[in-house]
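**Q** One structure, as structure tokens, below. Some questions next.
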Amino acid sequence: MRFHLFAAALVIVMALLLDIDKNGWLWLIASIVGVLTSEMFNSAIERAVDLATAERHPVAKAAKDIAAGAVLVASLGAAAIGLIVLGPPLWHWLAQR
Ligand SMILES: Nc1ncnc2c1ncn2[C@@H]1O[C@H](COP(=O)(O)OP(=O)(O)OP(=O)(O)O)[C@@H](O)[C@H]1O
């Protein structure tokens, strides 16, 4: 969660510096919200499973692994969106140096 909050802050600072347009901001905000929301659901599911059983159980494993998988899917999508939105203006900025 801390890593994703740091990454979100970094993306927001870069978007401000690179003067991203309204459409780009919408995609970035949607992806940040998606990652943080999936992260919160993952934490909630982990706690609920730990509360439900202290034993190792295949269903508990599946619940935690699926929840963690959702975070991975959201993170990969956000990384792709970040690359598409921030990549070209960042490249342009670097080329001007
Ligand atoms: N009750 C459980 N039964 C079976 N597998 C589990 C269970 N809890 C966790 N796991 C497996 O362990 C992985 C890591 O889970 P989690 O991050 O909750 O840590 P943990 O295994 O509970 O260990 P610890 O509490 O020591 O960090 C899960 O993705 C899942 O594959």
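The values are calculated or read from the model by the stated rules, or taken from the named source; none is laboratory data. Because the structure is a prediction, the values reported are computed rather than measured. Virtual Cβ from ideal backbone geometry, glycine too; neighbours counted across all protein chains shown. We work out accessible area using only protein heavy atoms, side chains counted, and drop any ligands, DNA or RNA first. Shrake-Rupley method; radii C 1.70, N 1.55, O 1.52, S 1.80 Å.
**Q** Confirm whether VAL59 is under 20 Å from the mean Cα position of the chain (by Cα) and not polar (S, T, N, Q).
**A** No.
**Q** While we're on this one: Determine which member of the set ALA8, ALA54 is of a type in the set (Gly, Ala, Ser) and within 16 Å of the ligand (Cβ to nearest atom).
**A** Going through ALA8, ALA54 in turn, just one is of a type in the set (Gly, Ala, Ser) and within 16 Å of the ligand (Cβ to nearest atom): ALA54.
**Q** Report yes if ALA95 is within 30 Å of TRP27 (Cα to Cα) and modelled with pLDDT of 95 or more, otherwise no.
**A** The answer is no for ALA95.
**Q** Among residues belonging to segment 29-83 that are of a type in the set (D, E, K, R) and out of contact with any Lys or Arg (no Cβ under 8 Å at 6 or more places or on another chain), point out the one that is least open to solvent (accessible area, probe 1.4 Å).
**A** GLU39
**Q** So, one more: For segment 14-51, how many residues meet the condition of being within 16 Å of the ligand (Cβ to nearest atom) and touching a residue at least 40 places away in the same chain (Cβ under 8 Å)?
**A** So the answer is 1.
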